[in-house]
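Below you'll find the structure, written out as structure tokens, and then a few comments.
The values are calculated or read from the model by the stated rules, or taken from the named source; none is laboratory data. Please read all numbers here as calculations on a predicted model, not as lab measurements. Using ideal geometry, Cβ is built from the backbone for each residue, glycine included, and neighbour counts are taken over all protein chains shown.
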Amino acid sequence: MNINEMKSKHKLLIDFSYELGEIEKGYTNRTLYVNLSNNEIKEKPVTQLMKDKFVGGKGFGLKLLWDATKPNTKWDDPENEIIISPGPIGGITQYAGAGKSLVVSISPLTDIVIDSNVGGYFGPFLKFAGFDALELQGKADKDVIIIIDGVLGEIRIEEAPEEAIDSHILAEQLTDMYAVDENKKNFVSVVSAGLAAEHSNIGILNFSFYDKKRKKVRLKQAGRGGIGTVLRNKKIKAVVAIADGIKPNNVVDLEAIRECGARFNKEMRDLDADQCRMKQEGTAHLVEIMDDYDLLPTHNFQYGSHKDIMNIHSSVWHSKFTQNIFDGCWVGCTMACTKAVDGFELRTGPYKGNKVIVDGPEYETVGGVGSNCGILDADHIIEANFYCDTYGIDTISFGTLTAFIMECYEAGIIDKEITGGLEFNFGNADSALELMHQMARGEDFGVIAGKGVRQMKKYFAENYGADINFLNDIGMENKGLEYSQYVSKESLAQQGGYAMTNKGPQHDEAWLIFMDMVNKQIPTFEDKAEALHYFPMFRTWFGLMGLCKLPWNDVEPIGNAETDEPGKVPEHVQNYITIFNAVTGLNIDKSEMIRQSERVYNYQRTFNIRRGYGLREHDAQPYRAAGPVTVAEYESRQDRYDKQLQEILHVDPEGKSTDEKIAILRKYKEGQYEKLLDAVYKRRGWTKNGVPTLAHLKNLGMDLPEILEIVEPLQ
């Protein structure tokens, strides 16, 4: 069926017209609300309180979600929402990485708020169409698409029965359908999920952008927490934004932004090839660096390196990625790290034999579906990357849950009878891919796996008699979210950076391994607590603004190492302050930047408490994040662990069994983590149970009635 025939099958459910308006100082000053249960569409004003307390992006998402839901709202209740917001800086083209959107929802995995950042063109196009946020609520009866037409000033909800579900096809179909002509395809962006998002809790959202050089639609992912699962549960097939060109943010001081951008662009031209090679390899340049420092997750985070690392070395990705073509996922981003493999021929699944473009893989995907599963095969990783994207599967969660299954299989907890004949030894690429295809079909063991690590632990214990304590030790999840792909055993700060997050263990809040483990820059609990205050707040700020984090520190200006705080990259921090002030006309400094984030961060913590979580017990980590669980794991690094017993604990390991040594080390490491919790909570202005104190909230200006109602009884 051709595009016109597909479109002829659409049934218009509602057509809402609005005045396009202008962006003013980074804001459109209104949000768009769509309820699919009753096909209601309306505009809502952005209040001054929203700007002052929540700023934009993730902040707007949290505020709208709080107001729309109850404390007991479940992820699949109609009242749960998906909110997409780009932030006040989002959409500018003069500084790298300003095309991000933040997506917020109640997660199927965690039952708390999840936030996920994503590139692609949708966020800026939403703003250009006239809205600071999109709020999706309710459930449709049949598959629908929502069209936000920023050319005509129309919002339409249409039943769309014929289009594909899988994102790589659907995004192409809708781009062709809604582009004004062949030369305007780059002004259409599509949000979609995929078949596996219908049958698992780890569904992602794909945000499209049209690559004019390749003449192909490409995809970027809001990957964490199952938001794609929420989208398909609402029977949303896609959301389409149509722009009438690139619009200005009508900033206060464009020249200041241009000056910052020109300086950064020169750094990229002059320094990237010798620093991180983002233009050549994207984040995949990290693979062998992590292996060198024993940080690359291998065999379900048991180990940090692998003898076959050369099979997935950055030089391999350099050869696989198409070179010498601009790879930015938003206009004006000179980092150009959105690498792609062109013309890759698939060997499995429903698209076997097709030659496709594969976006990535990024480091997290290489570590997740590759080394963590013991599969050090570049072509397997590329194929898994493609199917995860088009099916709507989070590569991080899929890699971590598959590695968990593999360890359970090798430990005899599950067998071929349980898995339907699939052999899940580490390194079995065919079984890993078949598991993915089963998720997409909603069949067999793929349904169990798609529940995520937390639910699998419970299922294996209840149905197969597995030891729940062992499963809790090796199941790499916190708050229900699977760990991203760094081994944190030798970095106490990184353990906190994972398990103390509001949403679950994701490296975008605090990546402190090198500061802590390698460079020894934060040796005391107070130093670690300061880092675990500053960096999560600083990184939260990107999510308020519509900014990508990579330009901050993946290329560093000359002389950064000689500054007082090289880990913060002070010149780039000042760039961001200058840009925010130049966009909005405000006059914040470094301190107020952090306070902006603290307001939102503490609001999210309170949101979790409102939902029955957000306390100290929920910041507990699986022991494998801290130390060796099994004898084989200890003995693989015996010299290291024996040395820790001798030098730190003054315990002679001679004559002790490995089990005895594991127990002694574990008691110490668990005690260290508890001390870290105390130090971090104190620095963040929280009680020993992890609750924001009234004094801290008042100091931040966040002593709002709805917050105080939650936290006052817990003081």
| message | Give me the helices (runs of 4 or more DSSP H) completely within segment 585-684, filtered to those with at least 1 residues that are over 22 Å from residue 454 (Cα atoms) and over 30 Å from the mean Cα position of the chain (by Cα), ordered by residue number. | response | 631-636, 638-647, 658-684
| Given (1) within 23 Å of residue 609 (Cβ to Cβ); (2) hydrophobic (A, V, I, L, M, F, W, C); (3) over 20 Å from the mean Cα position of the chain (by Cα), where does residue 75 come up short, assuming only one miss? | (3)
| task | Filter segment 623-675 down to residues that are exposed (fewer than 14 other Cβ atoms within 10 Å of the Cβ) and small (Gly, Ala, Ser) and give me whichever is nearest to residue 410 (Cα to Cα). | result | 632
| query | Does at least one position in segment 528-542 carry a residue that is part of a loop (DSSP other than H, G, I, E, B) and not aromatic (Phe, Trp, Tyr)? | reply | no
| query | Does at least one position in segment 352-364 carry a residue that is over 26 Å from residue 296 (Cβ atoms), modelled with pLDDT of 95 or more and crowded, with 17+ Cβ neighbours inside 10 Å? | reply | yes
| Is one or more of the residues making up segment 218-231 in a loop (DSSP other than H, G, I, E, B), surrounded by fewer than 22 Cβ atoms within 10 Å (Cβ to Cβ) and at negative phi? | no
| query | Wholly within segment 85-155, which strands (runs of 3 or more DSSP E) include no fewer than the required count, namely at least 1 residues that are surrounded by fewer than 24 Cβ atoms within 10 Å (Cβ to Cβ)? | reply | 134-137, 144-149
| request: State whether the residues of segment 199-222 include one that is in contact with a Pro (Cβ under 7 Å, 6 or more places away or on another chain) and at pLDDT 95 or above. | output: yes
| message | Looking at 482, 462, 477, can you tell me which residue is over 15 Å from residue 401 (Cβ atoms) and either buried (at least 21 other Cβ atoms within 10 Å of the Cβ) or free of Cβ contacts under 8 Å to residues at least 12 places away in the same chain (or both)? | response | 462
| query | Give me the pairs: first residue in segment 167-190 and within 12 Å of residue 218 (Cα to Cα) and not assigned by TED's automatic domain parsing to the domain that holds residue 389, second residue modelled with pLDDT under 95 and basic (Lys, Arg), beta-carbon distance under 6 Å, and six or more apart or on different chains, which are they? | reply | 186/212
| If you scan segment 28-80, which residues turn out to be surrounded by 19 or more Cβ atoms within 10 Å (Cβ to Cβ), within 21 Å of residue 147 (Cα to Cα), among the hydroxyl-bearing types (Ser, Thr, Tyr) and out of contact with any Phe, Trp or Tyr (no Cβ under 8 Å at 6 or more places or on another chain)? | 33
| Taking the stated definitions as given, is residue 164 without any contact (Cβ under 8 Å) to a residue 24 or more places away in the chain and on the phi < 0 side of the Ramachandran plot? | yes
| query | Do we find that residue 690 is in the same structural domain as residue 615 (by TED's automatic domain parsing), of a type in the set (Gly, Ala, Ser) and not in a helix (DSSP H, G or I) in this structure? | reply | yes
| said: Looking only at segment 613-640, how many residues end up being of a type in the set (Val, Ile, Thr) and touching a residue at least 40 places away in the same chain (Cβ under 8 Å)? | reply: 2
| field | Test for residue 227: is it modelled with pLDDT of 95 or more and under 21 Å from the mean Cα position of the chain (by Cα) | value | yes
| task | Could you check segment 335-422 for helices (runs of 4 or more DSSP H) lying wholly inside it with 1 or more residues that are in contact with a Gly (Cβ under 7 Å, 6 or more places away or on another chain), on the phi < 0 side of the Ramachandran plot and among the polar types (S, T, N, Q)? | result | 378-391, 395-410
| remark: Scanning segment 21-47 for residues that are modelled with pLDDT of 95 or more and in contact with a Gly (Cβ under 6 Å, 6 or more places away or on another chain), the one nearest to residue 579 (Cα to Cα) turns out to be 25
| Failed criterion for residue 684 (all others in (1) of a type in the set (Lys, Arg); (2) surrounded by fewer than 19 Cβ atoms within 10 Å (Cβ to Cβ); (3) more than 18 Å from residue 517 (Cα to Cα) hold) | (2)
| closer than 26 Å to residue 634 by Cα, touching a Pro at 6+ places or on another chain (Cβ under 9 Å) and without any contact (Cβ under 8 Å) to a residue 60 or more places away in the chain - does that describe any residue in segment 522-530? | no
| said: Among the residues of segment 502-521, what is the count of those that are in contact with an Asp or Glu (Cβ under 9 Å, 6 or more places away or on another chain) and under 22 Å from residue 595 (Cβ atoms)? | reply: 2
| Per-region count, segment 543-584, residues of a type in the set (Val, Ile, Thr), assigned to a loop (DSSP other than H, G, I, E, B) and in contact (Cβ under 8 Å) with a residue 40 or more places away in the chain | 2
